[in-house]
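Beneath this line is the structure, given in structure tokens, with notes to follow.
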Amino acid sequence: MADPSSYRPKPGQIPDSPGVYRFRDEHRRVIYVGKAKSLRQRLANYFQDVASLHPRTATMVTTAASVEWTVVSTEVEALQLEYSWIKEYDPRFNVKYRDDKSYPSLAVTMNEQYPRVQVMRGPKKKGVRYFGPYGHAWAIRETVDLMLRVFPVRTCSAGVFKRSAQIGRPCLLGYIGKCSAPCVGRVSPEEHRELAEDFCDFMAGRTGTYLSRLEQRMHEAAEEMEYEKAARLRDDIGALRRAMEKNAVVLADATDADLIAVAEDELEAAVQIFHVRGGRVRGQRGWVTDKVEAVDTAGLVEHALQQLYGEEKGEAVPKEVLVPALPEDTPALSQWLAERRGAQVSLRVPQRGDKKSLMETVHRNAQQSLALHKTKRASDLTTRSRALEEIAEALELDSAPLRIECFDISHLQGDDVVASMVVFEDGLARKSEYRRFQIKSFEGQDDVRSMHEVVSRRFRRYLQEKLKTGEWSPEEGEDPLAEDDGRPKRFAYPPQLVVVDGGQPQVAAAKRALEELGVDDVAVCGLAKRLEEVWLPGEDDPVVLPRTSEGLYLLQRVRDEAHRFAIQYQRSKRGKRLKSGPLDEVPGLGESRKQALLKHFGSVKKLRQATIDQICEVPGIGRKTAETLAAALAGAVPAGPAVNTATGEIIEDETPAHAGTSFERGTGQ
């Protein structure tokens, strides 16, 4: 551990102005990012007597080896820069909330010609309207099912939509009145978009006006004795009211607000958010975090606000944000939220009335979430600890393998040979550490040789990382890596155990790779699929773990995950290779110029027949590129004509311009 006084800045060196600071460890990795109104005052707090610091702060400053800072002009800039750096560097001592599950949202794809209503998870996309998130996907589907009666918006996938348009017949929803069937032209694109906008307005909480309009139309139809129409409108109103009842009114003044509550103990904290729109709870989500830094409730709220609204803009940021405690930089946070919304945002603690009562409900949800998380984690931690202890005992390791890396080789009859590396820390998958490899040293199928190459490349990178700290001396002629930029490095942390998918030959290859590099503190084993036997280097007989062993189950999970990840990469590479065309083989020809060529000539066949002067007429194509392109196409032998397998007919149509760079004909492959 470093002594903080060894890297403490000199007196007067730190500016007395707003800014963001970064602590780095001995490997130059950023381990903590913070902001301050006054850098001088804030950083001085870290260089007190270590014994007087909070235990977590003391651990951070003794792990660090240097500190640096960036001066900004305002506190809002400091807030934005802090958020950006935490996202970029992923510092180990910063609070990072993790969703306790992936929450689904109701999405309307307004960026399409015919907007579609669907359930979506994951990152938000531009041009898509989102409502939620919801606790369960079935809750979204129930709501949508009720509303499609009134707003018959498209819900089908692109494939179903295209198929219905080809055969001229809508799907079942079109027949039962729950889709306006734009696929067969029952409504125009403009009419369908208007339906989608009405759907969005209703979901956004503007319900009263629309219901009043429907009731007026119902009464008018009844007065004109159009009783069937009036009955249909009556049923529509009932369906909308039932959809509204699923979200009871919680704030009588039709408020748009997010309520954030925090439940915490000494080690962990749970955050719950209720999204209220139009006075009704439209969504709910929750996060759990380890308190890896010394932070109070106000600090947890500030981190939650950054994560919740860091990527949001416009109406996704509500007019009002209610919190249990105001962060230290409340004015700066309010200004930051206002900039993201484009209008004023009120950030405050509710004191009385319905909002305070609802905040208490949100807090109870946070407490229950924290209690449930602790119960699950305690059980899971016990199981994982037992599994790691069983592995250590069976393989005769000095300690439990807290970091396990597993390698697997994948190919299809010797083509597209790739490898995967997956990482498990404390018995849990660490997907951000997964890595993929292409086999470079030879061609063909040789799993043993491939395993040797991959393990060698992985640990050679590890040794190069150690080179910077003087922990390892390179062989003569080997170059060190460039200066570290503080981002998490790919191969900086060594495992305690390397697992390979295979038996004795693969284990021997991995062990030989480690010995050649002089790595003698990493254990190696292999897990053979046939009998689930564990093989050790130099042993003629395998280690057989009981079928009920938690250790064997963990090794199987690690092996299966490596196999899945390798297969996924191999299929991806094979798919790209099969879709490649003659233009992909032309050096220096990027995607934009490929599209320009196809748009200009209409097909690869016509492009192949064009002269160099004609190719030069395409914007962005110079004579040298045209000559290279003409030579490449002349050397590619066109494939035979395409055949309709259903009828046996020869298809004479040329490759269409919209086919991009994926060709089934004329590839010469």
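The values are calculated or read from the model by the stated rules, or taken from the named source; none is laboratory data. All values derive from a computational prediction rather than experimental measurement. Note that we place each Cβ from the backbone using ideal geometry, even for glycine, and neighbour counts take in every protein chain shown. Areas reflect the complete protein model, heavy atoms only, side chains present, ligands, DNA and RNA absent. Shrake-Rupley method; radii C 1.70, N 1.55, O 1.52, S 1.80 Å.
Picking from residues in the stretch 17-38 that are among the hydrophobic types (A, V, I, L, M, F, W, C) and touching an Asp or Glu at 6+ places or on another chain (Cβ under 7 Å), the one that is farthest from Tyr83 (Cα to Cα) is Ile31. Scanning the stretch 279-303 for residues that are open to solvent by less than 20 Å² (accessible area, probe 1.4 Å) and either farther than 25 Å from Ala58 by Cβ or of a type in the set (Val, Ile, Thr) (or both) turns up Gly279, Gly283, Gly286, Trp287, Val288, Thr289, Val301. Taken together, the criteria place Ser180 among residues that are outside any helix (DSSP H, G or I) and either crowded, with 20+ Cβ neighbours inside 10 Å or under 34 Å from the mean Cα position of the chain (by Cα) (or both). Surrounded by fewer than 20 Cβ atoms within 10 Å (Cβ to Cβ), in contact with an Asp or Glu (Cβ under 7 Å, 6 or more places away or on another chain) and modelled with pLDDT of 75 or more: does that describe Glu264? It is false that Glu264 is surrounded by fewer than 20 Cβ atoms within 10 Å (Cβ to Cβ), in contact with an Asp or Glu (Cβ under 7 Å, 6 or more places away or on another chain) and modelled with pLDDT of 75 or more.
Counting only helices (runs of 4 or more DSSP H) that fall entirely inside the stretch 535-620 and contain at least 3 residues that are within 30 Å of Val500 (Cβ to Cβ), open to solvent by less than 40 Å² (accessible area, probe 1.4 Å) and modelled with pLDDT of 80 or more, the qualifying elements are 550-579.
Results for (1) open to solvent by 50 Å² or more (accessible area, probe 1.4 Å); (2) out of contact with any Leu (no Cβ under 9 Å at 6 or more places or on another chain), shown as yes or no for each residue.
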{"residue": "Tyr7", "(1), (2)": "no, yes"}
{"residue": "Asp16", "(1), (2)": "yes, no"}
{"residue": "Glu26", "(1), (2)": "yes, yes"}
{"residue": "Tyr32", "(1), (2)": "no, yes"}
{"residue": "Leu39", "(1), (2)": "no, yes"}
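Of all the listed residues (Val150, Val144), the sole one being touching a residue at least 60 places away in the same chain (Cβ under 8 Å), of a type in the set (Val, Ile, Thr) and within 22 Å of Arg280 (Cα to Cα) is Val150. Residues in the stretch 194-211: is at least one open to solvent by 80 Å² or more (accessible area, probe 1.4 Å), at pLDDT below 80, within 28 Å of Glu112 (Cα to Cα) and not hydroxyl-bearing (Ser, Thr, Tyr)? Checked against the condition, which is being open to solvent by 80 Å² or more (accessible area, probe 1.4 Å), at pLDDT below 80, within 28 Å of Glu112 (Cα to Cα) and not hydroxyl-bearing (Ser, Thr, Tyr), the stretch 194-211 yields at least one hit. In the stretch 153-182, the qualifying residues are those that are without any contact (Cβ under 8 Å) to a residue 60 or more places away in the chain and in contact with a Phe, Trp or Tyr (Cβ under 8 Å, 6 or more places away or on another chain), and the one that is farthest from Val108 (Cα to Cα) is Phe161. Restricting attention to the stretch 88-129, the residues being under 18 Å from Lys313 (Cα atoms) and modelled with pLDDT under 80 number 3. Please indicate, with yes or no, whether at least one residue in the stretch 510-520 is open to solvent by 10 Å² or more (accessible area, probe 1.4 Å) and in contact with a Gly (Cβ under 9 Å, 6 or more places away or on another chain). Yes, that holds for at least one residue. Can Glu471 be described as at pLDDT below 85, charged (D, E, K, R), open to solvent by less than 50 Å² (accessible area, probe 1.4 Å) and under 17 Å from Pro495 (Cβ atoms)? No, not satisfied. Kindly evaluate Ala65 against the criterion of being open to solvent by 30 Å² or more (accessible area, probe 1.4 Å), more than 17 Å from the chain's Cα centre (by Cα), under 30 Å from Ser334 (Cβ atoms) and of a type in the set (A, V, I, L, M). No, not satisfied.
Could you check the stretch 345-434 for strands (runs of 3 or more DSSP E) lying wholly inside it with 3 or more residues that are crowded, with 16+ Cβ neighbours inside 10 Å, at negative phi and of a type in the set (Val, Ile, Thr)? Correct list: 415-425. For the stretch 439-448, the set of residues classified as outside any loop (DSSP other than H, G, I, E, B) and modelled with pLDDT under 85 consists of Asp447 only.
The residues of the stretch 524-534 that are modelled with pLDDT of 90 or more and more than 14 Å from Glu396 (Cα to Cα) amount to a single one, Gly526.
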